[in-house]
Each structure stands twice: as structure tokens, then as C-alpha cells.
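One structure is given here, and the rest of the page talks about it.
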């Protein structure tokens, strides 16, 4: 089961999560994507759907071959809602929210 943690409420779990990110950073290939942004408006569209219960996050590739993610909305039976979030900005080069 996925966990929601905060640095204030779960400092040990937060440190563990950050160490997973650091481990990737230390071993990634040059010019690799570090992260993707997904905005509140896109998430809100899922949360406002009464049938939404979870995301399935797919590893995917852009047309240029770079890695990306595609979020798929799921109901509580594990069935697709046939709703997706894709075209997430990559970091780098878009490493600030307003890039």
C-alpha cells in the first residue's frame, strides 16, 4: 500500500524516501530525467470523479525516446476509468514549477 508521509510526522520514513531519490541521483545516466510535474488542476479532475479510487502509474516513453509517466485513473474494483494524465513536464530542463 502506498504511504503518505511528511518530514514533520514521519521523519524516519521521510529520510528513507529521500535516500531512495538520492540513490537514483547517484546512479542515473547523464542527461536523465530526474522528475516530472503534475499540477493540482489535473489531480483535482480525478479527485472530483466519484468513481476515482486510485492511480495506476505507467512507465512510458515520449516520441523522442525519453522516459515519462502516464497516470491512469482506477475505480475501487481496479478497473480503468479511461482517464489519463500525460505530457508531464520533465526536470531537467523544467525544474521549477513555472518553467
Mind sorting 72, 63 by how few other Cβ atoms lie within 10 Å of their own Cβ, fewest first? 63, 72
Among (i) 3, 13, 24, 25, 18, 11, 5, 1; (ii) 2, 9, 13, 13, 12, 10, 10, 9, 7, 6, 5, 3, 1, 0; (iii) 2, 11, 16, 18, 21, 18, 11, 2, 0, which one is P(r) over Cα pairs in 5 Å bins from 0, in percent computed from these coordinates? (iii)
Suppose a student asked you for the relative contact order of the chain, using Cα pairs under 8 Å spaced at least 6 residues apart; what percent would you report? 24
When the chain is fully extended, how far beyond the present Cα-Cα distance does residue 57 get from residue 18, taking 0.36 nm per residue of separation? 12.1 nm
With 10 angstrom as the radius, rank 34, 48, 53 by how many other C-beta atoms surround their C-beta, starting from the fewest. 48, 34, 53
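Coordinate-derived values only; no laboratory data. Keep in mind that this is a model prediction, so the values were computed, not measured. Neighbour counts run over all protein chains shown; Cβ positions are idealised from the backbone, glycine included.
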